[in-house]
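Q: The structure is given below, and queries will be raised subsequently.
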């Protein structure tokens, strides 16, 4: 850690003693200089405290400093006045080397089957369009945030009648919510995308606006900078337990970077731990398990010299393989979900290149003949929080510990929905209910009633 400014002050005053100034002048200047440095030092200490010091208490503690947790912190501070509410974000890896948020491909679409997910996507797209108004840090030398939002749309393909009917049904819901999504016959897709093989397709669904991809790291970075300016404390620590009593919890135990265990008292605690949310929930005890587990997914970057051009959408093949353009140099990103039997080990983030060669490449080359000639340039793996019951968000108060709030299980679309999820969390805490988008059907209680699950059909 760099030396504190108080040490810099000491060095400066030592130099002053040996200067040509008189002792009186030196004393006066020392006092003035010391006062200025003390003010600056306090500011810096507050900034460093956000990543080093663990507070004894905080009105709201958020477990997980990724996009969902940071979005919740942003809205909580944005909707309250200065100093009205203290917010502490706990993140065990402030470098985000293994974070789901930063390892995502950053897709955003309105092409979901449930109204709640469509409305959240529309909200996110509007937020992205006006990102500078929301997340610009004024009175600083930082550049306004730019997410590199590419609105090339999603193109989701159906290769049989059943899948086509599913696209048609979802399209009705999407249109009713205000999304701009167009159903396309194979001939129309071939006309618009001549590089695409369409002779085995029944139908396509294409997002006309507010769909495409963005850089998740740029969004996270902008949120963190804005949050710090609003007084949010980011603490590097790992949750190791809770202090609970029947029906109540108000302390969380955390281990800092030095291995010391400390307690933080809270009024509300948000579980935004992503893939590890289920493990955090287990620490509470109780009889309500959280059906969220980490799943590992590979992302491959390949080069194709004569592949689709700048109009290339994010395409989802009927077999679940997706790809999109990455930049303008003939590079593309792709991936796909394995079968249950093929689920990779989550112990490490090592990449299996045979999965690309054996499972993805044949599908890519069949859909885009130009992809028969490609070369893999890079790859990485990341985790996402998989809701193994209905692949949908779980949000709301814990049934047994109402001080705890779930924000988990988005199953691959948490990055694009982080902003409205964070807003919904802030509304639950500040207003005790949803005001912008009604997400009450996505509460934990749906698992407690027969047939109450909220299945999202369009998960890729």
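The values are calculated or read from the model by the stated rules, or taken from the named source; none is laboratory data. Quick caveat, the model's predicted, so the values are computed rather than measured. Glycine gets a Cβ as well: all are built from the backbone with ideal geometry, and neighbour counts include every protein chain shown.
Q: Would you check which residues across the stretch 64-117 are under 30 Å from residue 169 (Cα atoms), out of contact with any strand residue (DSSP E or B) (no Cβ under 6 Å at 6 or more places or on another chain) and not in a loop (DSSP other than H, G, I, E, B) and list them?
A: Within the stretch 64-117, 108, 115, 116, 117 meet the criteria.
Q: Being in contact with a strand residue (DSSP E or B) (Cβ under 9 Å, 6 or more places away or on another chain) and under 18 Å from residue 332 (Cβ atoms) narrows it down to one residue among 406, 401, 371; which is it?
A: Among 406, 401, 371, only 371 is in contact with a strand residue (DSSP E or B) (Cβ under 9 Å, 6 or more places away or on another chain) and under 18 Å from residue 332 (Cβ atoms).
Q: Restricting to the stretch 204-221, name every residue that is farther than 12 Å from residue 125 by Cα, touching a strand residue (DSSP E or B) at 6+ places or on another chain (Cβ under 6 Å) and surrounded by fewer than 24 Cβ atoms within 10 Å (Cβ to Cβ).
A: 206, 208
Q: Let me ask you something else. Of all residues in the stretch 225-235 being within 12 Å of residue 77 (Cβ to Cβ) and under 16 Å from the mean Cα position of the chain (by Cα), which is surrounded by the fewest Cβ atoms within 10 Å (Cβ to Cβ)?
A: The qualifying residue surrounded by the fewest Cβ atoms within 10 Å (Cβ to Cβ) is 226.
Q: Suppose we filter the stretch 147-182 for residues that are out of contact with any strand residue (DSSP E or B) (no Cβ under 9 Å at 6 or more places or on another chain), surrounded by 13 or more Cβ atoms within 10 Å (Cβ to Cβ) and closer than 27 Å to residue 223 by Cβ; how many remain?
A: Residues in the stretch 147-182 being out of contact with any strand residue (DSSP E or B) (no Cβ under 9 Å at 6 or more places or on another chain), surrounded by 13 or more Cβ atoms within 10 Å (Cβ to Cβ) and closer than 27 Å to residue 223 by Cβ: 2 in total.
Q: Taking the stated definitions as given, is residue 234 part of a loop (DSSP other than H, G, I, E, B) and closer than 15 Å to residue 94 by Cα?
A: no
Q: With the condition kept exactly as written, say whether any residue in the stretch 273-287 is touching a helix residue (DSSP H, G or I) at 6+ places or on another chain (Cβ under 9 Å), assigned to a strand (DSSP E or B) and touching a residue at least 40 places away in the same chain (Cβ under 8 Å).
A: Among the residues of the stretch 273-287, not one is touching a helix residue (DSSP H, G or I) at 6+ places or on another chain (Cβ under 9 Å), assigned to a strand (DSSP E or B) and touching a residue at least 40 places away in the same chain (Cβ under 8 Å), which makes the answer no.
Q: For residue 254, indicate whether it is in contact (Cβ under 8 Å) with a residue 60 or more places away in the chain, buried (at least 22 other Cβ atoms within 10 Å of the Cβ), in the same structural domain as residue 419 (by TED's automatic domain parsing) and farther than 30 Å from residue 117 by Cβ. Let's see the steps before the verdict.
A: Values: in contact (Cβ under 8 Å) with a residue 60 or more places away in the chain: yes; buried (at least 22 other Cβ atoms within 10 Å of the Cβ): yes; in the same structural domain as residue 419 (by TED's automatic domain parsing): yes; farther than 30 Å from residue 117 by Cβ: yes.
Criteria met by residue 254.
Q: Still on this structure, please answer the following. Quick check on my filter: what residues within the stretch 327-342 are at pLDDT below 95 and in a loop (DSSP other than H, G, I, E, B)?
A: 327, 328, 329, 337, 338, 339
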